[in-house]
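Structure, as structure tokens:
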Amino acid sequence: MSIHIAALLLMVAVLKSGSAMGPCTSPSAFTNLNQRSSTNIRGLTTTPLSDRFITQGWYGQPNFKIPNSPPGINHCGTVYPIYLQGADPVAGPATIRTFCVQTTAGNCAQTIDIETKLCSNFLAYKLESPALGYAAYCVDEISANHPEYVTSVNVGILPLDDLNNDNRFEFVCNFQTSTLPIHNNIWYTVTWYVNNQLIKTITAFQNTANLQVVTLLTENDIIASGTQTVGFQIRCGYAVSSTATSTTSPVTSSPDRFIGIKILTPTVYVSDGDDANIIVKPTAPIGCRFFFPNCELHVNLLKVANNDDCALSATFSQCGFPINAGANWNGNYAITVRGNLPSSYSNLVANYIVNLKTVELFEPHQFWGNYNIGAVTVVVSHNVTSIAGKVCYAVCDPHMRTFYGRPYEHQYGGIYTLYENTDWKQEIQIYTMPCTTRVGIYCVCGVAIRVGREVWRREQCIDSFWKTGYAQCDGPSRIDVQQYGSNQHKIRLPSSTTIKLVTSGNFLNVYVYPSVADKGKVRGLCGQITTDTFIGRDNSASTYQWSGMPQFSASWRVYGSLLNLFSDIHIASLMGAGSNLFLCKCDDTTPDSILCTQSDECQPQEIYAYTPITGCQTTYIAKRSVRNRYRVPRSAGPEHAHISKRQVAEWMNGWTESSATDYCTSLFQNSSAVQICNNTGATDIQGPLDNCVLDIKLLGDTSFALVAVETVKTLCFHEVSYNPRFQQSATNQSSIFDQLKEVACPSECSYRGTCKRGVCICDEGYGGLDCSVSLDTPPTIVYHHDNNLCNSTNSTCSQVSLLGGEFVNSTTLCCIIKIYLIRGGRVILIIEIRVKAIFVNSGEIICPRDLEKERRYIEPGLNYSYAVSVSNNGKVFSKEIIFDQSKTTVPPATTTTTSVPRITGYVKPRK
């Protein structure tokens, strides 16, 4: 081993006394000179030189010097050559010069400060050992047959000219030729390097030549060498000789010049929803065509990748930016990045790699097209302490809980602002109406959610069925809606605020889980996150009272000129969210221009398997916007008298506080999911239990009792899904998350089925994921034609879209399409065609039509009408509705039937 190391040493001379040696009197001699020449390329089987163990001290000898330009990787008998950056020292005291270690990372990836001195007939260097292994100093022989001339050199760019050089680069090697009389006849040889590779040598010339002409390197020269886009390092150098063909001096090189777009912020740090900028700067002119002097080069963000899970991510103000390609190209350009707030409490730091690339085609100067600029690391971090375990809800009639955890009663009718974050242009409104035969009991019959101009609603405040969908769009969907079965919805907003809706018969239970972006920025009935202060819309404070705070509730009522999200007229005036929401997802494609699509939010593991709903679509809206069914309640304000009824309510129907408590406690104990949640210690059990007892007192029955169980499960499932410690298994015991998935049947299967491994097996006659739908009860249907009649003879309408519910996604869901043929005002034939319905959701189905089959029954001179009915079980059908009529009185609608009617007449079908 010692023999091998000795072979790698630069010097074998040992300096006996540093004080006795001087740079010009007794320097050590260079060794291995036959290998150290900058023209010597190391063979693949040759052991590379290494000066890692050099004896520090002065070195030098006549006719040899360290070169002034990077010779190239694997030159000088080593892997990483070391050379002098800049000109040689001149006469005078020793000076410190910078020496460069050339690596694959750059021509001067590492530097070493070394004392140098010009002695009478040689250059002396006080060499230091390099930090990098397999790095060695280059040493070239100085020929006595060439002149010496060293001056500064740089790479210049001639102006881009659409008319003369077709908007292509032309580079010149700028240096001052010698004016000394002894150099009048010397020759100059110029060499060009791109990315450290020699691509062109200029024929020797004398100082009478025009440097801008003789040293020219064109864009075509660079392309011919294999470089197809900008994004390269370029340098030039010159050497002098006595004649055009004699030995030249060592090359004096320019610094590398980068041609492309430089990333000024290779690493960007963002936290807690704050903003930061990715900044870039062009280093060379780009070029526009003569007739379009102000063109733009688009830069796009591609392949936003991460090295971690979905807990944190990065979103952007846009998926790219335009760079002025004209005269004002020389400036900084930025994209704003924001940490996309996480969907779990884990993963406090995540790194994302963002790639920048120009558009594929840039016609004014294609050399800039399809150019990979480079990568930026985005480090996203946050602190979830302020939101862990926080939730606001409105359940049953409605019992309220603020983000801070304060319960209170809100027994008023009308539309109210539940949550509002003005920074993110997000709002949630609830609509409360009477929900039982008992006077003074109000429930949430509708919820409306907005981001910017986009509005999504679910409500049953006017019609007898649930209407669910987008009421207004604003570009790509920013309200992410998912559903589980027909009764559970999960909505995620751009701020990562999450809403869960659980439908219980004719009312909604609303749960709002805040994100870090909501801290200090929310208001409404949900209150504050970090304080229990109750602040009204007018900024007035109310004194807390569990039984209700009339002033506080009244301040958040929506009436008059206040924005009503349940009014189509009101939402039409909304302003867009703009780009400040940072919703751009920048993928791995290369669009022709800057595109921004919605960021796919990372979702936590969920107990229930939620299914995404198709994003905001205008055709989807039109079907639901034939007329405005949403109205503001006529009452002038909240009906505060209802609070006093709650305070003095008496027990009814034989119930007592003791029996109600026993019933609710038994209900909780019989729920396996509630018992598991209770063992976590992270779920409020007492609050829902108290609400269960209170509802029995107010109603005199147990119709709301199951909601208390679902409230515990909803709160618990969210916490378990977002908190990773509940997803970790222990020795011989599965995780809380896995335990819950085994027993988490929705709504306890409505007590009309059996829960097996988290799935409801419904009793006969019931359907739906929670067994809540009686299949013997026909659904309600409504047809919205939107002024376009679905007619088999004058249009291509191939299907009928029906709203209503509740529809059950099963193999027995079907439609009957009837054709009434009429002659002389009398129905002579009824054709019934049974088709399998297409399930869209619990409130919408599609009935396909067999147009060819229908047309066989159409005879000239007959009038006809079309009707449709629907059944969940294929036996009991809804009341039919007419979806088209032609030139006659429509026959009276039939009533619900348990069998399919027969044909009452016959007309020979057309062939």
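The values are calculated or read from the model by the stated rules, or taken from the named source; none is laboratory data. All of these numbers come straight from a predicted model, not from anything done at the bench. No Cβ is skipped: glycine too gets one built from the backbone with ideal geometry, and neighbour counts run over all protein chains shown. Surface accessibility is based on the protein's heavy atoms, side chains included, excluding ligands, DNA and RNA. Shrake-Rupley method; radii C 1.70, N 1.55, O 1.52, S 1.80 Å.
So here's what we get for this one:
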{"quantity": "Counted residues, the stretch 838-856 - those being open to solvent by 10 Å² or more (accessible area, probe 1.4 Å) and either β-branched (V, I, T) or closer than 30 Å to S774 by Cα (or both)", "calculated": "10"}
{"quantity": "Residue list for the stretch 741-767, filter: open to solvent by 30 Å² or more (accessible area, probe 1.4 Å), in a strand (DSSP E or B), in contact with a strand residue (DSSP E or B) (Cβ under 6 Å, 6 or more places away or on another chain) and under 16 Å from S671 (Cβ atoms)", "calculated": "T754"}
{"quantity": "Failed criterion for Q482 (all others in (1) open to solvent by less than 10 Å² (accessible area, probe 1.4 Å); (2) in a strand (DSSP E or B) hold)", "calculated": "(1)"}
{"quantity": "Residue selected from the stretch 446-465 under the condition in a strand (DSSP E or B) and in contact with an Asp or Glu (Cβ under 6 Å, 6 or more places away or on another chain), by the criterion surrounded by the most Cβ atoms within 10 Å (Cβ to Cβ)", "calculated": "R450"}
{"quantity": "Extreme residue, most open to solvent (accessible area, probe 1.4 Å), among residues of the stretch 105-126 that are more than 15 Å from Q85 (Cβ to Cβ) and touching a Phe, Trp or Tyr at 6+ places or on another chain (Cβ under 9 Å)", "calculated": "K126"}
{"quantity": "Options D776, D786, D770, D738; residue that is outside any helix (DSSP H, G or I), open to solvent by 20 Å² or more (accessible area, probe 1.4 Å) and either modelled with pLDDT of 85 or more or among the hydrophobic types (A, V, I, L, M, F, W, C) (or both)", "calculated": "D776"}
{"quantity": "Test for P266: is it within 16 Å of T377 (Cβ to Cβ), at pLDDT 90 or above and not aliphatic (A, V, I, L, M)", "calculated": "yes"}
{"quantity": "Test result for A284, open to solvent by less than 50 Å² (accessible area, probe 1.4 Å), farther than 17 Å from W368 by Cα, out of contact with any Ser or Thr (no Cβ under 7 Å at 6 or more places or on another chain) and in contact (Cβ under 8 Å) with a residue 40 or more places away in the chain", "calculated": "no"}
{"quantity": "Every residue from the stretch 113-124 that is among the hydrophobic types (A, V, I, L, M, F, W, C) and touching a Pro at 6+ places or on another chain (Cβ under 6 Å)", "calculated": "L118, F122, A124"}
{"quantity": "Any hit, the stretch 727-737, residues being over 31 Å from the mean Cα position of the chain (by Cα) and within 18 Å of V759 (Cα to Cα)", "calculated": "no"}
{"quantity": "Close pairs from the stretch 105-132: first under 20 Å from T78 (Cα atoms), partner among the aromatic types (F, W, Y) and open to solvent by 70 Å² or more (accessible area, probe 1.4 Å), Cβ under 9 Å, at least 6 apart", "calculated": "S129/F53"}
{"quantity": "First in the stretch 392-408 and within 11 Å of P514 (Cα to Cα), second anywhere and assigned to a loop (DSSP other than H, G, I, E, B) and β-branched (V, I, T), Cβ under 6 Å, 6 or more apart", "calculated": "C392/T402; F403/I529"}
{"quantity": "Cβ-Cβ under 9 Å pairs, at least 6 apart or on other chains, the stretch 871-894 side farther than 12 Å from Y820 by Cβ and polar (S, T, N, Q), far side at pLDDT below 55 and part of a loop (DSSP other than H, G, I, E, B)", "calculated": "S878/T896"}
{"quantity": "Qualifying residue in the stretch 7-25 (condition: within 57 Å of the chain's Cα centre (by Cα), loosely packed, with under 15 Cβ neighbours inside 10 Å, of a type outside the set (D, E, K, R) and modelled with pLDDT under 80)", "calculated": "yes"}
{"quantity": "Sole exception among (1) at pLDDT below 80; (2) acidic (D, E); (3) open to solvent by less than 30 Å² (accessible area, probe 1.4 Å) for E859, by number", "calculated": "(3)"}
{"quantity": "Residue within the stretch 294-306 that is in contact with a helix residue (DSSP H, G or I) (Cβ under 9 Å, 6 or more places away or on another chain) and touching a residue at least 40 places away in the same chain (Cβ under 8 Å) present", "calculated": "yes"}
{"quantity": "Residue list for the stretch 127-145, restricted to those being open to solvent by less than 20 Å² (accessible area, probe 1.4 Å), of a type outside the set (V, I, T) and part of a loop (DSSP other than H, G, I, E, B)", "calculated": "P130, C138"}
{"quantity": "Matching residues in the stretch 31-82 - criterion: being part of a strand (DSSP E or B) and either farther than 18 Å from A124 by Cβ or not small (G, A, S) (or both)", "calculated": "I41, W58, Y59, F64, K65, H75, Y80, P81, I82"}
{"quantity": "Residue match in the stretch 212-221 (condition: hydrophobic (A, V, I, L, M, F, W, C) and open to solvent by 50 Å² or more (accessible area, probe 1.4 Å))", "calculated": "yes"}
{"quantity": "Residue satisfying all of: in the stretch 31-63; aromatic (F, W, Y) and under 19 Å from I96 (Cα atoms); surrounded by the fewest Cβ atoms within 10 Å (Cβ to Cβ) among these", "calculated": "W58"}
{"quantity": "Every residue from the stretch 656-665 that is open to solvent by less than 50 Å² (accessible area, probe 1.4 Å) and not β-branched (V, I, T)", "calculated": "S659, A660, C664"}
{"quantity": "V139 touching a Leu at 6+ places or on another chain (Cβ under 8 Å) and under 20 Å from F30 (Cβ atoms)", "calculated": "yes"}
{"quantity": "Selected residue (criterion: modelled with the highest pLDDT) from residues of the stretch 870-891 that are open to solvent by 10 Å² or more (accessible area, probe 1.4 Å) and of a type in the set (G, A, S)", "calculated": "G874"}
{"quantity": "The stretch 343-363 - residue that is open to solvent by 20 Å² or more (accessible area, probe 1.4 Å) and in contact with a strand residue (DSSP E or B) (Cβ under 8 Å, 6 or more places away or on another chain) and, of those, modelled with the highest pLDDT", "calculated": "K357"}
{"quantity": "Leading residue by the ranking (farthest from Y83 (Cα to Cα)) among those in the stretch 237-261 that are crowded, with 17+ Cβ neighbours inside 10 Å and touching a Lys or Arg at 6+ places or on another chain (Cβ under 9 Å)", "calculated": "I261"}
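The rows are residues; the columns are (1) closer than 13 Å to C396 by Cα; (2) touching an Asp or Glu at 6+ places or on another chain (Cβ under 6 Å); (3) open to solvent by less than 20 Å² (accessible area, probe 1.4 Å); (4) modelled with pLDDT of 90 or more.
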site: D684; (1), (2), (3), (4): no, no, no, no
site: D690; (1), (2), (3), (4): yes, no, no, yes
site: S703; (1), (2), (3), (4): yes, no, no, no
site: A708; (1), (2), (3), (4): yes, no, yes, yes
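Rundown of residues vs (1) in contact (Cβ under 8 Å) with a residue 24 or more places away in the chain; (2) under 20 Å from Q411 (Cβ atoms), yes/no style:
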{"residue": "F668", "(1), (2)": "yes, no"}
{"residue": "A673", "(1), (2)": "yes, no"}
{"residue": "I676", "(1), (2)": "yes, no"}
{"residue": "T680", "(1), (2)": "yes, no"}
{"residue": "P688", "(1), (2)": "yes, yes"}
{"residue": "C692", "(1), (2)": "yes, yes"}
{"residue": "G700", "(1), (2)": "yes, yes"}
{"residue": "V720", "(1), (2)": "yes, no"}
{"residue": "S734", "(1), (2)": "no, no"}
